[in-house]
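Trainee: Mind looking over this structure? Questions follow.
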Amino acid sequence: MKRNRLLVLVLAGFSLFIYQCKVSRSSGVKRDAAGNIIVNPHPSPAFQSAKQSLKSIQVPEGYHVQLVASEPMIKEPVAIVWDGNARMYVAEMRTYMQDINGTGENQPICRISMLEDTNGDGAMDKSSVFIDSLVLPRMMLCIGHKLLVNETFTYNIWSYTDTNGDGVADAKELVYKNDRPDTRNLEHQKSGLVWNMDNWIYVSCDPVRYRYKAGKLVPDSLTNSPGGQWGLGNDDYGRLYFSSAGAEIPALGFQINPVYGFLNPNDQYNKDFLAVWPIIATPDVQGGMNRLRPDTTLNHFTASCGQSVFRGDALPADMKGDLLICEPVGRLIRRAKVAETDGKVTLKNACEGQQEFITSYDMNFRPVNTATGPDGCLYIVDMYRGIIQEATWTAEGSFLRPRILQKGLEKNIGRGRIYRLVHDGYKPGEKPHLLDASANTLLTYLDHPNGWWRDNAQKEIIANGDLSVVPALKEIAIGKHAGIGKTTGALARIHALWTLEGLNAIDKETLYTALADTDGQVRKAAVWISESYLKNGDEEMIAKLATLKNDPVAAVQVQLVLSLSVSKSEKAKAIQLAMVNNSAYTNMLHSVANSVEVNTNTKLFGSRLANMSATHRNLILNGATIYKQLCSTCHGPDGKGIFVGGNTAAAPPFVGSKRVNGDKELLMKILLNGLSGPIDGKTYTDVMAPFGASNSDEWVASILSYVRYNFGKNENRKSPVVEVESVKKMRAAVAGRDKLWTLEELEQPAR
């Protein structure tokens, strides 16, 4: 058996080698006699027409990029989604960085456009302004005829509907209400709003997910933030992929679902994966000279965003399941091969050597999002502009400002392009008509080779709440339904199981059959869904799950350890412990169990505050919420920083810091005005942005009180709390300061 496994690995490795050799011959990229890519050291910052820019984009042999939409139809696009009839909605941040200072960024003049391809040639030829007068729209989700939207600086989510078919929304309804303003920098706010396989709707940054019930979003609090910033991807089996530009981490959070905790092994990819390979000089890098090679190209991910897993059927089969990550500072898109070994997921650059999947010679090429389309192709959202960083990082005294001004990049505004990637020999799929389709028709798409169709069929069946298809769903789930084809594929069985779960129609008999399925991913889904029984202490279900404790598929064992953790049963705990200690995959299971334990302990955080005054307790609890949403992205949920792939941490750790335990005034100055430069002899990848101008004294006091309370030593019975009045006085004392502090400046002895 070991010999057969070795043979499979050798053959798989050989096929991957062949593939990598093929993509290494990218057409159009300039090379020297030795085959090395020639970097353009002096790229022009001038705008190119959509046709010219298209020629500047370099893709591997056999692939081609087609223009889907461009200015004036759209401007400053940042995200796209499709409704069930393939109408594309484009979020346009039309006020984003219209000059180097970000003047007028909060004006309500942004919009969401609706685009249609009426003749089937792939290019959008019909458009309308679906929603106008928005403030930097950042998240969208189509459910039936409704478009759910969130704007920057708010937590509220609204649904918009066009009731008369003129292409303009005329009905608006609040589906999630939280009137508290979001005062974080717009780069540090949530994105996503992705309806995942498990029927939860996920976002980045914030410790929350949502369930769609009766036309409303019902929130579920997560113990810790899932991390990430701009972009959120998911695969065929419900695995989520986040990325964090601030921490310079291209991919994180993909080992386990965020509801169970935070697990990012340092070896889920290596240093080679963190290196990026632009084909033009990239001097406009916020990280400064440390992020530039001698040829002035970006040497490391610094603006990773807009990631997605390709799940379509109109590109070569070896693309399926690959992770695409945008790097707009490098003017490139990384393609990563996703592998799973002994339960651990790892990433590797699909392109061998010093090259990327998609690159451009155009300085204004700014890919910020990717998505699998209804036609089975890969779509790319290009914000196409000069400045990609927000004003906090282009202020007076920043590394970026003079380089932007030297190139005149601040003048390049008001454009934007959307492309799709196609390949020789493949035709884009048919146009869907899922809106108003019957549930029986939607059932037939649960086995579609394009994940977009499967996801939307599941979502629409659940949103419509049509229980008439429950018997058919149960037949599909156990592989006995012939109505959707000669055979029921594993993906169809998984979608059927989750559709039943979403309709509250799952039953033990169906789950028991699925737990014995021949496909490991079906068994994993059944284990995951069984949690509704585990939470209620169902001993029969626990006994049935125990039969999978030695499952040959590592992913099943990982999910079993995760799912058993939701049960309070001693028997469930005993099974979990035995698996962790005795499994063939014990190393990964140990890591998973540890993450769950940390997550559980975090839930107990509040009980430690029982003897504190209500005022101080509330400051710390509010600070904990802020930390999870904002600070954990760079400093880590545990205050120890984030290290992935041998990467240098983006920010210094709080645990063990003499400043956390020391002078409160120094901490107040740092949070109010920001911090740059080396810290304790180490240079970090990002600066500490100033948060005083956009946040209240109470906000500053809350986060500092939490950091001191949770990560400090609190020796000699000194209170960790930073009083609101103290922040007020400090704000007045530093009111005239308009630049970041340095540690050397802050720690000078008082005269």
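Just so it is clear, none of the values below were taken in a lab; they were calculated from the coordinates. If you're wondering where the values come from, they're calculated on a predicted model, not measured in any experiment. Using ideal geometry, Cβ is built from the backbone for each residue, glycine included, and neighbour counts are taken over all protein chains shown.
Trainee: Could you count how many Lys pairs in segment 371-518 have their Cα atoms under 27 Å apart, skipping same-chain pairs fewer than 8 positions apart?
Mentor: Lysine pair count for segment 371-518: 12.
Trainee: How about segment 151-202: which trypsin sites (Lys or Arg not before Pro) there lie in a loop by DSSP and see at most 14 other Cβ atoms within 10 Å?
Mentor: When the trypsin sites (Lys or Arg not before Pro) of segment 151-202 are filtered for loop state and at most 14 Cβ neighbours within 10 Å, LYS177 remain.
Trainee: How much length is gained if the chain between ALA33 and TYR512 is pulled fully straight, taking 0.36 nm per residue apart and subtracting their Cα-Cα distance, in nm to one decimal?
Mentor: Gain on extension, ALA33 to TYR512, equals 166.2 nm.
Trainee: Which residues in segment 651-691 have a backbone N closer than 14 Å to a point placed 7 Å from the Cα of LYS713 along the Cα-to-Cβ line?
Mentor: 655-663
Trainee: Using the Karplus curve 6.51 cos²θ - 1.76 cosθ + 1.60 with θ = phi - 60°, work out ³J(HN,Hα) for each residue of segment 236-245 in order, rounded to whole Hz, and write x for Gly and Pro.
Mentor: Karplus values, whole Hz, x for Gly and Pro: 5, 10, x, 6, 9, 10, 9, 8, 9, 5.
Trainee: What are the GluC sites (Glu not before Pro) within segment 659-751 that DSSP puts in a loop, where the Cβ has at most 14 other Cβ atoms within 10 Å?
Mentor: Qualifying residues, ordered by number: GLU747.
Trainee: For segment 62-75, take each phi angle, set θ = phi - 60°, evaluate the Karplus expression 6.51 cos²θ - 1.76 cosθ + 1.60, and give the result in whole Hz per residue in order, putting x for glycine and proline.
Mentor: Values, residue by residue: x, 8, 9, 9, 10, 7, 9, 7, 7, 5, x, 4, 9, 9 Hz.
Trainee: Per q in 0.14 Å⁻¹, report the Debye log10 I(q)/I(0) for segment 2-423, using one uniform scatterer on each alpha carbon and no solvent.
Mentor: Cα-only, vacuum Debye calculation for segment 2-423: -1.37.
Trainee: How would segment 606-746 be classified by its alpha-carbon gyration tensor: rounded, prolate or oblate, with rounded meaning a/c under 1.5 and the a/b versus b/c comparison settling the rest?
Mentor: Judged from the Cα gyration tensor, segment 606-746 comes out oblate (a/c at least 1.5, b/c at or above a/b).
Trainee: Next question, about the same structure. Label-point separation (nm) for ASN611 and LYS348, each offset 7 Å from Cα along Cα-to-Cβ?
Mentor: Going by the 7 Å Cα→Cβ label model, 5.5 nm.
Trainee: Given H placed on each backbone N at 1.01 Å, which residues far from GLN307 in sequence or on other chains put an amide H within less than 5 Å of it?
Mentor: LEU232, CYS326
Trainee: Short version: ³J(HN,Hα) in whole Hz for each residue of segment 213-224, in order, from phi by Karplus 6.51 cos²θ - 1.76 cosθ + 1.60 (θ = phi - 60°), x for Gly and Pro, what are they?
Mentor: Going residue by residue, I get 9, 6, x, 10, 9, 9, x, 10, 6, 8, 5, 10 Hz, with x marking Gly and Pro.
Trainee: On to the next question. Test of understanding: ordering VAL381, VAL470, VAL422 by Cβ neighbours within 10 Å, fewest first, what list do you get?
Mentor: Least crowded to most crowded, the residues run VAL470, VAL422, VAL381.
Trainee: Using 1/(1 + (r/R0)^6) with R0 = 35 angstrom and r between the beta carbons of ALA317 and HIS590, what's the FRET efficiency to the nearest 0.05?
Mentor: The formula returns an efficiency of 0.50 here.
Trainee: Jot down the radius of gyration and Dmax of the chain, Cα atoms only, both in angstrom.
Mentor: 25.7, 85
Trainee: How charged is the neighbourhood of VAL135? Take every other residue with its Cβ under 10 Å from the Cβ of VAL135, and add Lys/Arg as +1 and Asp/Glu as -1.
Mentor: That sum, taken over residues with Cβ under 10 Å, equals -1.
Trainee: Taking K and R as +1 and D and E as -1, what net charge do the other residues with C-beta under 14 Å from the C-beta of ASN264 add up to?
Mentor: Residues near ASN264 contribute 0 overall.
Trainee: Can you give the relative contact order of the chain as a percent, counting alpha carbon pairs under 8 Å and 6+ residues apart?
Mentor: It comes to 12 percent, rounded to a whole number.
Trainee: Specify whether the C-alpha gyration tensor of segment 507-585 places it in the rounded, prolate or oblate class, a ≥ b ≥ c being the square roots of the eigenvalues: rounded for a/c under 1.5, otherwise prolate if a/b is larger than b/c and oblate if not.
Mentor: In terms of gyration-tensor shape, oblate.
Trainee: A further question follows. Given R₀ = 41 Å, what would the calculated FRET efficiency be for LYS640 paired with LYS739, taking r from the Cβ atoms and rounding to 0.05?
Mentor: Taking R0 as 41 Å, the efficiency between LYS640 and LYS739 is 0.90.
Trainee: Just to be sure I understand: of the beta bridges DSSP finds with both ends in the chain, what percent are antiparallel, rounded to 5?
Mentor: Of those bridges, close to 95 percent are antiparallel.
Trainee: Let me ask something additional. Please state the relative contact order of segment 536-662 as a whole percent: Cα pairs under 8 Å, 6+ residues apart?
Mentor: Relative contact order, segment 536-662: 13 percent.
Trainee: Please give the contour-minus-distance gain from ASP436 to VAL655: 0.36 nm per residue of separation, less the Cα-Cα distance, rounded to one decimal in nm.
Mentor: Here the answer is 73.4 nm.
Trainee: What GluC sites (Glu not before Pro) in segment 339-412 are in a loop by DSSP, with at most 10 other Cβ atoms within 10 Å of the Cβ?
Mentor: GLU396
Trainee: Round to the nearest 0.05 the FRET efficiency obtained for ASP295 and THR341 when R0 = 41 Å and r is the Cβ-Cβ distance.
Mentor: Rounded to the nearest 0.05, the efficiency is 0.70.
Trainee: Treat the count of other C-beta atoms within 10 Å as a stand-in for reagent exposure and order SER532, SER398, SER204 from fewest to most.
Mentor: In order of increasing Cβ crowding within 10 Å: SER532, SER398, SER204.
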